[in-house]
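Shown next, in structure tokens, is the structure this report addresses.
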Amino acid sequence: MEQDFCPNPNLKVWLDGRLVPVAEANINVFSHGLLYGDGVFEGIRIYHGRIFECTAHMKRLANSLKAIRMEVPWSMGRLVEAIEQTRKANGVENGYVRLVATRGVGTLGIHPFRTTSPSVFIIVATIQMYDEEMYEKGMKIVTAATVRNHPNAMAPRIKSLNYLNNIMAKLEAIDAGCLEAVMLNPEGFVAECTGDNLFIVRLGKLQTPAPHCGILEGITRRLILKLAQRRGIPTEETTLTRHDLYFADEAFISGTGAEVCPVCEIDKRPVGDGKPGPITRQLIEDFRAHAKSGEELLAGE
Ligand code: PMP
């Protein structure tokens, strides 16, 4: 059966300073965001009408923009107001924000400065990444043959509009009957999943690949490390091999869309006893409580 992916026609999108109905939120075919993936984005959750870890997300956006030498004609404060305006216009209390900044409309050819001024749009909608069952039982994942981008080619730390690297690995996941795949870095160490960071627990210690392993430094990842530290769980940002994953007692993924989801099987090897472990379950509970609290744990960093 063909699926209907049309957005709600009543959706209002913020486009370069104006709230417009989704049917009028159109992108020019000469947009360098479209032609070359020249742009960056942020994905942010709204919980109970509040922008989740707003400061950390806006800082990461500012860093992504700086890395690609793009200046948008809006301050970060103004963009936060715009997110709030879009949220209110769509009556979203719990949902997802997609803020996209592109280099704008330009000539054919990749010259990033032969363009109009950068363009920004904001979508606020609802999201459901995975079925509830996966959060209860865990998800199965595989290691992809597609290697995560070399940091000197296209730094994974930039949340760029170039997701083909991840999509190639996602195709492998889908072919294997999974929804996520582990990507290794060019040295063969574990980097992250296609749209999520990866954690394991071994002998009571929470481990995750360090930023130098070539990952997007997820906001959810940073939060999980903080929540674990608050619980007195030892944490380590380190270098992990695929075999470390096979010998893990617990594993889970983290991301804005996925939140925290247990992993029950990696490359057909059950993780621990094949059920979400106690540290994973504790951190899921802590994450949900934090989302409810409205507190910003990462704002001071
Ligand atoms: N890695 C990749 C490649 C991602 O696309 C994402 C975001 N979906 C993450 C990690 C998780 O980052 P965050 O927790 O900030 O959403």
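Of the set (1) surrounded by 18 or more Cβ atoms within 10 Å (Cβ to Cβ); (2) touching a helix residue (DSSP H, G or I) at 6+ places or on another chain (Cβ under 7 Å); (3) part of a strand (DSSP E or B), all apply to Met58 but (3).
Scan segment 87-108 and give yes if some residue there is in a helix (DSSP H, G or I), closer than 25 Å to Lys12 by Cβ and open to solvent by less than 60 Å² (accessible area, probe 1.4 Å), otherwise no. Yes: one or more hits.
Looking across segment 116-128 at every residue that is of a type in the set (A, V, I, L, M) and surrounded by 18 or more Cβ atoms within 10 Å (Cβ to Cβ), the one that is farthest from the chain's Cα centre (by Cα) is identified as Val120.
Evaluation of Leu216 against the conditions (1) open to solvent by 10 Å² or more (accessible area, probe 1.4 Å); (2) out of contact with any Lys or Arg (no Cβ under 8 Å at 6 or more places or on another chain) shows that the sole unmet condition is (2). In segment 208-301, counting only helices (runs of 4 or more DSSP H) that sit wholly within it, the ones holding 1 or more residues that are under 21 Å from the mean Cα position of the chain (by Cα), under 25 Å from Gln128 (Cα atoms) and within 13 Å of the ligand (Cβ to nearest atom) span 219-230, 278-293. Within segment 185-202, residues that are outside the structural domain of Phe247 (by TED's automatic domain parsing) have Cβ atoms under 9 Å from residues that are assigned to a strand (DSSP E or B) and crowded, with 23+ Cβ neighbours inside 10 Å in no pair, counting only partners at least 6 apart in sequence or on another chain. Among the residues of segment 171-213, those identified as crowded, with 22+ Cβ neighbours inside 10 Å, farther than 25 Å from Phe52 by Cα and among the β-branched types (Val, Ile, Thr) are Val182, Val190, Val201.
Let's see how each residue does on (1) within 21 Å of the chain's Cα centre (by Cα); (2) closer than 27 Å to Ile167 by Cβ:
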| position | (1), (2) |
| --- | --- |
| Lys12 | no, no |
| Lys66 | yes, yes |
| Val72 | no, yes |
| Arg114 | no, no |
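Number of residues in segment 116-162 that are of a type outside the set (Val, Ile, Thr), assigned to a loop (DSSP other than H, G, I, E, B) and in contact (Cβ under 8 Å) with a residue 40 or more places away in the chain: the value is 16. Listed by first and then second residue, the pairs linking a residue in segment 58-81 that is outside the structural domain of Glu217 (by TED's automatic domain parsing) to a residue that is of a type in the set (Val, Ile, Thr) and more than 16 Å from the ligand (Cβ to nearest atom), with Cβ atoms under 8 Å apart and 6 or more places separating them unless they lie on different chains, are Met58/Val80; Leu65/Val72; Val72/Val120; Trp74/Val120; Leu79/Val72; Leu79/Val120; Leu79/Ile122.
The values are calculated or read from the model by the stated rules, or taken from the named source; none is laboratory data. All figures in this text were calculated on a predicted structure; none of them were measured in a lab. Don't worry about glycine lacking a Cβ; one is built from the backbone with ideal geometry, like all the others, and counts go over all protein chains shown. Please note that ligands, DNA and RNA were not included when accessible areas were found on the heavy atoms of the full protein model with its side chains. Shrake-Rupley method; radii C 1.70, N 1.55, O 1.52, S 1.80 Å.
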